[in-house]
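*Asks:* Attaching a single structure in C-alpha cells format; questions to follow.
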Amino acid sequence: MPELPEVEAARRAIEENCLGKKIKRAIIANDSKVIEGVSSVDFESALLGKTIVSAHRKGKNLWLHLDSPPFPSFQFGMAGAIYIKGVAVTKYKRSAVKDNDEWPSKYSKFFVELDDGLELSFTDKRRFARVRLLKDPTSVPPISELGPDALFEPMTINEFTDSLSKKKIGIKALLLDQSYISGIGNWIADEVLYQARIHPLQICSSLSKENCATLHNFIKEVIEKAVEVGADSSQFPSNWIFHSREKKPGKAFVDGKKIDFINAGGRTSAYVPELQKLSGTVATKAAGKPRKQASKKKGGDEAEDNDDDEDGVGDEPTNEEEESTKITKPKKGGNPRGRGRKPPMKRKAKESDDDDDDDDSGGNNDGSSEEDDEDLTEKGRKVKTNTSNKQAKTVKTSKRPVSSQDGKKPKRAK
C-alpha cells in the first residue's frame, strides 16, 4: 500500500502543477463507502470555482487547501492514487490506471478539471480509501490522532531513545502505530529494521542506546532516499530488502543472505535471521516455541485490512498466518466424526503491503476482500454438509441388521 514516500510524491506533483489554478469542473463518484459523510452533488458544488492554494500531507494522509473551506482530504488506503493527466506521478504496485486506460479511470472517486485544462484524479480500485470534505482536516480523525510525521516532524535521537525505553512491545508493532510515528508502513518498517540489524520482535525497552541511534538514523535515511527518487522503487538502493521481500519463502535473498518471514505487529514481516537476532527474554521464549514460517498470499491483506486502521492510528491487522495454521492443522485424537474441525478458510486481514493485487475488475469492486470471503464461507458450508452426509451414512450403515448363518436376525442389544 502507499506509505509516506508514495503520498509525498503525490503531494509534490500537485504542488508543482496545480497551485493557483481554479476548479472549473468536478466529478465525484457516487460511492458512499469511499466518499464519506457528504453526497457527491454537495461535494461537487463545494469545489466549483475554488482555487487550489496548497497541498499538505501528514503520515499517509493528503489534503488540498483551497481559497475557502471546506477542503478535500484523502486517506489512501490500500490502493489510493493521485493522477494528473499528462504529468508523471509515481506509480506503485496497486496502481489502477495505465497509460492506455480510459480517462478519467473507471476507478476514479474524485476528478477535477482546472481552468488551464489540467485534470486531476484520485482513484481507488480496492475501495479502502476515504475521501472527505472537511472544514479543518487537521482537527478531526484520522489526522488529529496521528503522531509526528516521520519526514516533516522527526523526533530527536534523545526523544526517540527515551520513548523506546518506556515501551514494552515489539519494535515493529510500535513503528506501525500511526499514533507514535505517522507515515511508516509495512515495507518501510521492514527496511529500517533490516538496515539497523534489529529483529522485528525485539522489545523496544531492551534496545541499547546504540541500537536506538542506529534505527533513528535509518528511519531518516530510508524515508529521505525514497522521497528523493519520487517513491520510484526501481531507483531504491540494490542492497535494500525491499527488492526481495515479496518473493516466496526459500527464494528470497538479500546480499546473498536468506530472508525469512514471520508475523510481527500483525503483519507478514521480512527479515534476515543471520543478521537480525533476538536477544534477552524474547529470544528465550522464542527458542522454546516451534518455528512458523508464513507464506505469501495473494489477495486479501490487507484486505486488510480494513485499511482504515492502516492509515489511521491503529496499524495492526489480524494475525492471518497464525489463524490459518490453527484451522488447517488437525488435532491428534480428535473426534472421529469430525466435529469441531473446520475447513481451511482465508480470513479477511487488514492491508498487507506484501500482497500483490492485479485485479482489474469493475470500478466499485474492492478486490477479493468481501466477495471472496462470501465464496469461501459458502464453500465451507458445502464441505460441512458433505461431511455430515457421510457421517449420516456411516451411522445408518452401522445400524443395518446383519444376517446370521441360520437366516435369523440377531437380537438387538438392550
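The values are calculated or read from the model by the stated rules, or taken from the named source; none is laboratory data. Since the structure is predicted, the reported quantities are computational estimates derived from the model, not experimental observations. Neighbour counts are summed over all protein chains in view; Cβ atoms, including those assigned to glycine, are modelled from backbone coordinates with ideal geometry. Accessible surface is based on the protein model in full, side chains and every heavy atom, while ligands, DNA and RNA are left aside. Shrake-Rupley method; radii C 1.70, N 1.55, O 1.52, S 1.80 Å.
*Asks:* Could you rank 210, 3, 153 by how accessible they are, 1.4 Å probe, largest area first?
*Replies:* Per-residue accessible area, sorted high to low, gives 210, 153, 3.
*Asks:* Can you tell me the relative contact order of the range 35-164? Whole percent, Cα pairs under 8 Å, sequence separation 6 or more.
*Replies:* Averaging sequence separation for qualifying contacts and normalising by length gives 28 percent for the range 35-164.
*Asks:* Taking amide hydrogens as modeled 1.01 Å from N in the peptide plane, which residues meet the under 5 Å criterion relative to residue 58, leaving out close sequence neighbours?
*Replies:* Distant-sequence amide H within range of residue 58: zero hits.
*Asks:* Now for a different question. For 51, 123, 138, give me the order by solvent-accessible area with a 1.4 Å probe, most accessible first, ignoring ligands, DNA and RNA.
*Replies:* The ordering from most to least exposed comes out as 138, 51, 123.
*Asks:* Let me ask another. If I take R0 = 35 Å and measure r between the Cβ atoms of residue 166 and residue 54 in this structure, what FRET efficiency does the formula 1/(1 + (r/R0)^6) give, to the nearest 0.05?
*Replies:* Efficiency, from the Cβ-Cβ distance: 0.45.
*Asks:* Of all the C-alpha pairs in the range 121-270, what % are more than 18 Å from each other?
*Replies:* Summing the P(r) of the range 121-270 above 18 Å gives 62 percent of all pairs.
*Asks:* Another one. Tell me, what is the 1.4 Å probe accessible area of residue 197, in Å² to the nearest 10?
*Replies:* 100 Å²
*Asks:* Also, quick follow-up: For the range 100-152, just run the numbers: alpha carbon Rg, then divide by 2.2 N^0.38 Å, N being how many residues it has.
*Replies:* 1.50
*Asks:* Remind me, relative contact order of the range 157-282 in percent, using alpha carbon pairs under 8 angstrom and six or more residues apart?
*Replies:* 30 percent
*Asks:* A follow-up question, please. Of 225, 172, 50, which has the most accessible area and how do the rest follow, probe 1.4 Å?
*Replies:* Largest to smallest exposure gives the sequence 225, 50, 172.
*Asks:* Return one whole number: the accessible area per residue of the range 157-282 in Å², for a 1.4 Å probe.
*Replies:* I get 41 Å² per residue for this part.
*Asks:* From the backbone phi of the range 250-258, what are the Karplus-calculated ³J(HN,Hα) couplings (6.51 cos²θ - 1.76 cosθ + 1.60, θ = phi - 60°) in whole Hz, Gly and Pro given as x?
*Replies:* Values per residue, Gly and Pro as x: x, 10, 9, 9, 9, 6, x, 9, 5 Hz.
*Asks:* A further question follows. List the residues, sorted by chain then number, that are 5 or more residues from residue 129 or on another chain and whose placed amide H is less than 5 Å from its amide H.
*Replies:* 78, 79
*Asks:* Can you give me the pair-distance distribution of the range 1-56, C-alpha pairs, 5 Å bins, whole percents?
*Replies:* 4, 18, 18, 17, 25, 17, 2
*Asks:* Structure shown: which of 125/247; 85/109; 225/248; 85/106; 125/248; 24/85 lie over 18 Å apart, alpha-carbon to alpha-carbon?
*Replies:* Violating the 18 Å limit, Cα to Cα: 125/247; 225/248; 125/248.
*Asks:* Accessible area of the range 157-282 with a 1.4 Å probe: how many percent of it is carbon plus sulfur?
*Replies:* With neighbouring chains kept in place, the figure for the range 157-282 is 48 percent.
*Asks:* At 1.4 Å probe size, with the rest of the protein present, what percent of the exposed accessible area of the range 4-134 is carbon and sulfur atoms?
*Replies:* That share works out to 47 percent.
*Asks:* What would the Debye equation give as log₁₀ I(q)/I(0) for the range 4-134 at q = 0.12, 0.19 Å⁻¹, counting only Cα atoms as equal point scatterers?
*Replies:* The computed values of log10 I(q)/I(0) come out as -0.38, -1.07.
*Asks:* Which FRET efficiency, nearest 0.05, do residue 251 and residue 138 yield, Cβ-Cβ r, R0 60 Å?
*Replies:* The computed FRET efficiency comes out at 0.85.
*Asks:* Tell me, how many Å apart are the Cα centres for the range 198-267 and for the range 23-46?
*Replies:* Answer, in whole Å: 39.
*Asks:* Give me the one-decimal nm value for the distance between modelled label points at residue 102 and residue 115, 7 Å along each residue's Cα-to-Cβ direction.
*Replies:* 3.1 nm
*Asks:* List the residues, sorted by chain then number, that are 5 or more residues from residue 21 or on another chain and whose placed amide H is less than 5 Å from its amide H.
*Replies:* 52
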